[in-house]
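Every number in this text was worked out from the coordinates using simple rules, so none of it is lab data. If you're wondering where the values come from, they're calculated on a predicted model, not measured in any experiment. Cβ coordinates were reconstructed from backbone atoms using ideal geometry, including for glycine residues, and neighbour counts include every protein chain displayed.
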Amino acid sequence: MHNDYTAAMKLAIRLARRAEGMTSPNPMVGAVLLDARGRVIGKGFHHRAGEPHAEVMAIRDAGRIPQGSTLVVTLEPCNHFGRTPPCTRAILQAGISRVVLANRDPNPGVAGGGAAHLKRAGIEVVSGVCTQEAARLNEAYFKHVRTSLPFVSLKLALGMDGRIAAHDGSSKWITSAGARKQVHALRNTVDAIVVGVGTVMNDDPALTVRHVSMRDRVLYRVIFDTHLRTPIRAKVIAGQNAHYKTIILTASPDTARAAAFERKGVEVVRIKTTAQVLPVRDALNFLGKRFMHILVEGGAGLAGSLVRARLVDKFHVFIAPVIIGSDGLYPFQGVVLKSMKNAIRFKEVHWDTPGADCLMTGYPEW
Ligand SMILES: NC(=O)c1ccc[n+]([C@@H]2O[C@H](COP(=O)([O-])OP(=O)(O)OC[C@H]3O[C@@H](n4cnc5c(N)ncnc54)[C@H](OP(=O)(O)O)[C@@H]3O)[C@@H](O)[C@H]2O)c1
């Protein structure tokens, strides 16, 4: 039975992905309506939070729904009034006979409720089709809803000797144009880009989306800056507009300096600490209130802190055919493991070759 719905579920997953980066704090959801003979009669996906859910979009797309139709959907339909009415109601009203889903919704307000409600109403519910693939589609949503922490992706560009910058701090450009374009596409899929103040001071990055078309939403840039060292003329401070906003996380009591940033439209958020640097766990707790998925782009200090705290969910590591030198910067400052038995290994590793470089993506086995 499950095999019958695999192709439709894969199509629903592809549809869902079209809204990548747009749905936060909601999941990406795709839906396909099949008639009794298994032909696709409607397709839909959730475009952004506040807009109709995928199920409703597929039902609307189909128009008239014949008897014996099946709705194939990547996530359990919701059964509550949020910004839109419950999808279970739309499904019942449409006279759909069967609902096939990949994953239950772990959201405490939804969990199991949608599927149970449909079953009680006499609809056949089939679950567990393409579960893994659909769980990866919504890995950020699942983590966020379960832990209230953002899903943390870490992106770094390394030379083949594992360095992220040369001795003088320069790192432009380690990777090829093809790889950098992929980074811009990745930025389009997250809610915020995060860097340490060392990177802002050294590189003055714009942290914008270029080379690919920017999605129509706000992309946040977040700086870990314990002592408010960010230069007021930094590109990331100057460029506040409808598409880009900047947040500085700091422990500095300097209200005058904070006000200077605020006058530029930057949000300054205080994280209490007596430590030398910002406590990453507290910082992520704050970021989880605002964001579902963040992309940390270095540098070595921040990446090292996150690895030491085991708070990275997914790595995107570009490796370029260049030797930077043993006097260059090691990517994970302060990560000391002593023995191979402590080495951090990865699962679900995937290798790609953008431009002239390699890209490893994988999940750490903490
Ligand atoms: N190749 C790449 O992918 C890549 C990417 C990014 C950067 N880089 C290179 O990396 C270098 C910058 O790296 P970096 O290590 O000097 O700086 P960084 O990691 O960007 O920033 C480190 C600074 O952030 C602040 N910070 C606040 N909370 C922190 C925390 N919990 N953990 C760590 N840092 C915290 C600290 O300064 P305060 O104490 O003043 O707050 C710390 O010195 C540059 O040379 C840049 O070109 C390379």
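Between residue 296 and 153, 154, 155, 194, the built amide H atoms are under 5 Å apart, and every one of these is 5 or more places off in sequence or on another chain. Taking the chain as a Gaussian network of alpha-carbon nodes connected by springs under 10 Å, the highest mean-square fluctuation of the residues 94, 19, 343 belongs to 343. When only the Cβ of Lys, Arg, Asp and Glu is charged (+1, +1, -1, -1), the dipole of the stretch 148-364 relative to its Cα centre reaches about 440 debye.
At a 10 Å Cβ-Cβ cut-off, how would you order 292, 28, 360, fewest neighbours first?
In order of increasing Cβ crowding within 10 Å: 360, 292, 28.
Counting alpha carbon pairs within less than 8 Å and at least 6 residues apart, what relative contact order, in whole percent, applies to the chain? In percent, rounded to a whole number, it is 16. Label-to-label distance for residue 323 and residue 366 is 3.7 nm, based on points extended 7 Å past Cα in the beta-carbon direction.
Neighbour counting of Cβ atoms within 10 Å sorts the residues 344, 247, 96, fewest neighbours leading, into 344, 247, 96.
Build a GNM of the chain with springs between Cα atoms under 10 Å apart, and of 153, 339, 97 the one that fluctuates most is 339.
Counted as membrane-span-like here are DSSP H helices of the chain whose alpha-carbon atoms extend 30 Å or more along the helix's own axis and whose Kyte-Doolittle mean is 1.0 or above; there are none. Residues 168, 4, 191, arranged from fewest to most other Cβ atoms within 10 angstrom of their Cβ, appear as 168, 4, 191. For the chain, a Gaussian network of Cα nodes joined below 10 Å ranks 251, 12, 259 by mean-square fluctuation, and the top entry is 259. For the chain, DSSP calls about 35 percent of its internal beta bridges antiparallel. Applying both filters, DSSP loop and at most 12 other Cβ atoms within 10 Å, to the chymotrypsin sites (Phe, Trp or Tyr not before Pro) of the stretch 87-173 gives 173. Around residue 342, what is the net charge, scoring Lys/Arg as +1 and Asp/Glu as -1 over all other residues with Cβ under 15 Å from its Cβ? Cβ neighbours under 15 Å give a net charge of +4. Near residue 41, once Lys and Arg are set to +1 and Asp and Glu to -1 for all other residues with Cβ below 15 Å from its Cβ, the sum equals +3. Dipole of the chain computed with +1 at Lys/Arg Cβ and -1 at Asp/Glu Cβ about the Cα centre; of 250, 320, 108, farthest Cα towards the positive end is 108.
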